[in-house]
Structure formats: C-alpha cells, structure tokens
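Here's the structure, in structure tokens; my notes come after.
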Amino acid sequence: MSGLENKIVLVTGGSGGIGQALAWEFTRQRCRVAIAARRQETLLACAEEIARHGGEVLAIACDVTDRQQVKDLGAAIGARWGAVQILINNAGIARAASFTEMADELWDEILATNLTGTYNCCKVFLPEMLRAKWGRIINIGSTTAKVGYRHVTAYTASKHGLLGLTRSLALETARQGVTVNMICPGYVDDERTRENAQVLAQKAGKSVTEILQLFAASAPQQRLIEVDEVSSLAALIASEKLGGMTGQAISVDGGATMV
Ligand code: NDP
C-alpha cells in the first residue's frame, strides 16, 4: 500500500505530456487529482478521459504566473475536496534562443512560469500542509537544474532557481511533516520534445528523426525517457515510505547527469 488513497493532489500543467502521466498515475493510486493549466479545452479533454476510466479528477483553468488565479484554484479545490496535500509543480515552458538573440520577454516569461509559478503555488498551498503537519511538494525540474546547456539560458536559469527553492524550502519544512523534492528528467518522449526537435531540425537542415536520435544519444542509455518513469517516481516520492527524503533532486535521464 502506498498510503496515497484519497489524498488530494494538484498537478499544475496537468494537460501536457508529463502532467497527464502524473494525473493518470495519481488517480491509479486512488487519489483525488486536480489538474490545472491555462487552456481549458485541452484540460477538460484530459480530465474526461481520466474520468471515463474511473479516476477522480477535477479540471480547473489557472495561469500559475498569476497569484490571484492560484488562490482561486485553491479555493475551488478546497470547496470540492479540501486542502491540497500533494502539490506537483509541473507547469513549465521551454524555448530555445542564443543569449544575444534572446528577447527580454522570453526571459521574463520563462522565469515567471517555471520559477515564479512554482513559488506562487508553494505560497498558496504550503500553509495548509504545515497546519496538517503533512504534505508533499514535488517540483518537476530538468537536467538543466544541475548542468548548463547552450541556447537555453532562461530555461536553465529557471530550473537552477527551482533547485534552490526546493532545497531551501525543504530545510524550512524539515521538522513539520512536509517534504520538498525535485525530479529532473532528461529528454522525455513526448509531444513537447517532438516539437522542439522539429524546430531544431528546420534550423539544422536535418530530419526530426535525426534530431531525436541526437537527443537520445546524449544519454548513456541512448534513449528518451518515458513519461511514466517520471510519474512513477513522483508516486514513490509522495508515498508514506519516503517521508525521510527531502531536499533531493533525482535525475531520470538515462545516466546523462551524475550530479
Ligand atoms: P508540455 O508543454 O507538454 O506541458 C506543459 C503544461 O504546462 C501544459 O499543460 C500547459 O498547458 C501548462 N502550462 C504552461 N504554462 C502554464 C501556466 N503559466 N500556467 C499553468 N499551466 C501552464 O510540457 P512537458 O510535459 O514536456 O513538461 C512538463 C514539465 O516537465 C515542465 O516543467 C518541463 O520543463 C519539464 N521537463 C520536460 C522535459 C521534456 O523533455 N519534455 C524534460 C525535462 C523537464 P497550457 O499551455 O494550457 O497552460
């Protein structure tokens, strides 16, 4: 038994590749799962599919960059089920640009979503976890939280920032029943990675398959990561069994980063 039955979970970005897998995983664990993202249509389609398979799911449109919208999200989940016990900060955007060509707007948008969005959710949902003396915060990072990569300065800075947030918050909550951890996936086999590969393929005059092969070859296991590998780890981190693990950033990247 994972001890997750009936727990109230929030997955931000729950309509995307990894977010959807997280929502499925936690509903399979018999949790009540709220999914949030900006575009209501995709969000509802995702929730309907999960509900059709018997999962208990709630879809609420929310832009995590807007604190008031995050507060409203908390109120809506609270009215239906109660306080969020497991917060998965997964909403994120990734866009590449060389530093000198990068527009300031791109920097602002990536930092606001990946870092401040997570900050907003922690601000809104942590206090109830502290009151209950139990909670789990799982931040979806990236290998870019640990090492630098060219042409993704903003993304890398946002994920490094998320690592700092994870560690400091883990220290502050260490004696209060709350754990704060991070999962750092490598290239995941999802729609976003295929879109990124398409952009790079056009720029480099290569095929999408060639670019995907390059992504895969960047890891010692020479493969992309499955979304289920990320969601299974999240369920393990959220379980009662791992109450002693906090402040950690676990890579699921085929061995690409051993730090
Ligand atoms: P997707 O683009 O497939 O999904 C992103 C999700 O976040 C969507 O549901 C999107 O919905 C939502 N989202 C984006 N901006 C906001 C916002 N401001 N407020 C609320 N929701 C938002 O991405 P992935 O599934 O690939 O990525 C998920 C996470 O995993 C990200 O944090 C990413 O950095 C990380 N990651 C991904 C990797 C990969 O290879 N795919 C590798 C390593 C890490 P909407 O647009 O409707 O708001």
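If I ask for residues that are part of a helix (DSSP H, G or I) and away from the ligand (no atom under 12 Å from the Cβ), which ones from the range 131-150 would you list? Steps first, please.
Restricting attention to the range 131-150, the residues satisfying the condition of being part of a helix (DSSP H, G or I) are 131-132, 143-145.
The answer is ARG131, ALA132.
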Using the structure shown, decide if LEU130 is at pLDDT 95 or above, of a type in the set (A, V, I, L, M) and farther than 13 Å from VAL180 by Cα. no
Search the range 36-47 for residues that are among the basic types (Lys, Arg) and pair each with any residue that is more than 6 Å from the ligand (Cβ to nearest atom) when their beta-carbon atoms are under 7 Å apart and the residues are at least 6 apart or on different chains. ARG38/ALA61
Would a scan of the range 62-80 turn up a residue that is under 24 Å from LEU224 (Cα atoms) and under 13 Å from the mean Cα position of the chain (by Cα)? no
Would you call PHE125 touching a strand residue (DSSP E or B) at 6+ places or on another chain (Cβ under 6 Å) and modelled with pLDDT of 95 or more? yes
Report, ordered by the first and then the second residue, all pairs with beta carbons closer than 6 Å, sequence separation of six or more or different chains, a first member in the range 220-235 that is under 14 Å from SER251 (Cβ atoms), and a second member that is away from the ligand (no atom under 13 Å from the Cβ). PRO220/GLY255; GLN221/GLY255
So VAL33 fits all but one of (1) over 21 Å from ARG136 (Cβ atoms); (2) within 14 Å of the ligand (Cβ to nearest atom); what number is the exception? (1)
Might you let me know whether the range 151-163 holds any residue that is within 11 Å of the ligand (Cβ to nearest atom), surrounded by fewer than 20 Cβ atoms within 10 Å (Cβ to Cβ), touching a residue at least 12 places away in the same chain (Cβ under 8 Å) and of a type outside the set (A, V, I, L, M)? no
Would you please name the residue that is surrounded by the fewest Cβ atoms within 10 Å (Cβ to Cβ), looking only at residues in the range 108-150 that are more than 16 Å from GLY82 (Cα to Cα) and of a type in the set (Asp, Glu)? ASP108
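Can you report the number of residues in the range 89-129 which are in a loop (DSSP other than H, G, I, E, B) and within 15 Å of the ligand (Cβ to nearest atom)? Write out each step before concluding.
Going residue by residue through the range 89-129, those that are in a loop (DSSP other than H, G, I, E, B) are 90-96, 98, 102-103.
Restricting the remaining residues to those that are within 15 Å of the ligand (Cβ to nearest atom) gives 90-96.
Result for the range 89-129: 7.
The values are calculated or read from the model by the stated rules, or taken from the named source; none is laboratory data. Worth saying up front: this structure is predicted, and the values here are computed from it rather than measured. Every residue, glycine among them, receives a Cβ derived from its backbone with ideal geometry; neighbour counts consider all protein chains shown.
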